[in-house]
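FYI, it's all coordinate maths here, none of it is from the lab. Not measured: the values here are computed from a predicted model. No Cβ is skipped: glycine too gets one built from the backbone with ideal geometry, and neighbour counts run over all protein chains shown.
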Amino acid sequence: MVATAPLPLQLEVSFTHARKVRTVKMALGWLKIRLLDTHQVLWVLVAHRMGTDVDDLVLITNVPIQTTHDAEMVYTQWRFRPHIEHTYRFDQEDGLDVEDMRVRTLERMRRVFVLTLLAALFVYHIAHVWPHRAVLWLRHLGGKTGLSMDRDGPYVLLAGLSAVFVTLATLSFAAKHPFPGIGGRCG
C-alpha cells in the first residue's frame, strides 16, 4: 500500500545532521487504514525523499489526515520530536533536574513543575532574546570551551546563569556580613 500511495504534497525540508543543515525535497502522501482486530481507524503518512532510492518513511498516527495541511502538520510535528525530547531532558533529567525534587503531595508537585517550566522558559528566553555576545559570555562562563564540537544548548547557558546568581548571592552576603578580620567577631 505504501509503495502505491499517491504523493500529492511536495515540499522542501531542512534537516540538521552532523551539525550541517541540508535541504531536501520531500513528497508526502497518506492513507486511511483500519485495524482488523479492533477496527480502530488510523492514518498512514508516507514521506518519500525525492530523487533517491532511500526507503520511504512511514508514520502511523491516530491524527486524522484529510488534507495536505494535515499531512504537513503531522510530518512537521514528527520532525520536531527531537527538539521536544531535548527540552524534556533539560527539564526532567539533566538541566533543571525536576525528577530529583523530593515532594510528596500533588499540590507541591504542581508548584515544582510550574517553577521548573518558568526556569526553563527563562533560560530559553535569554538564549533567543538577549544579544548574542551576552549569551556567548554566559555560555563561556558556564563551561563553553570555544571548540567547534561544543554544543550551545541550554545546559551550558544554565551553568553560566547559575554562576552569575551564585556570585551575586555571595557578593550580597559579603556586603552585609564582611569577612571577619583578626580578632573580630563572625555572626
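A few points about this structure:
- Stretch gain in nm, segment Arg110-Ala18, where the contour uses 0.36 nm per residue and the Cα spacing is subtracted: 29.4 nm
- Along each principal axis, Cα extent of the chain, largest first, Å: 89, 44, 23
- Once the chain from Arg133 to Leu147 is taken as fully extended at 0.36 nm per residue, the excess over their C-alpha distance is 3.4 nm.
- Mean-square fluctuations from a GNM of the chain, with a 10 angstrom spring cutoff on Cα atoms, peak among Gly29, Gly51, Gly143 at Gly51.
- Alpha-carbon gyration tensor eigenvalues x 5, square-rooted, for segment 26-90, Å: 22, 18, 12
- Ala5 sits among other residues whose Cβ lies under 12 Å from its own Cβ, and their net charge, with Lys and Arg +1 and Asp and Glu -1, is 0.
- In order along segment 7-16, the Karplus-derived 3J(HN,Hα) couplings, from 6.51 cos²θ - 1.76 cosθ + 1.60 at θ = phi - 60°, round to 10, x, 9, 10, 8, 9, 10, 9, 10, 10 Hz, and Gly and Pro are given as x.
- Rounded to the nearest 20, the Cβ-based charge dipole of segment 5-113 about its Cα centre (Lys and Arg +1, Asp and Glu -1) stands at 200 debye.
- R0 of 30 Å, Cβ-Cβ distance Gln10-Leu121: FRET efficiency to nearest 0.05: 0.25
- Charge dipole of the chain (Cα centre as origin; +1 on each Lys and Arg Cβ, -1 on each Asp and Glu Cβ, all else neutral): 720 debye, rounded to the nearest 20.
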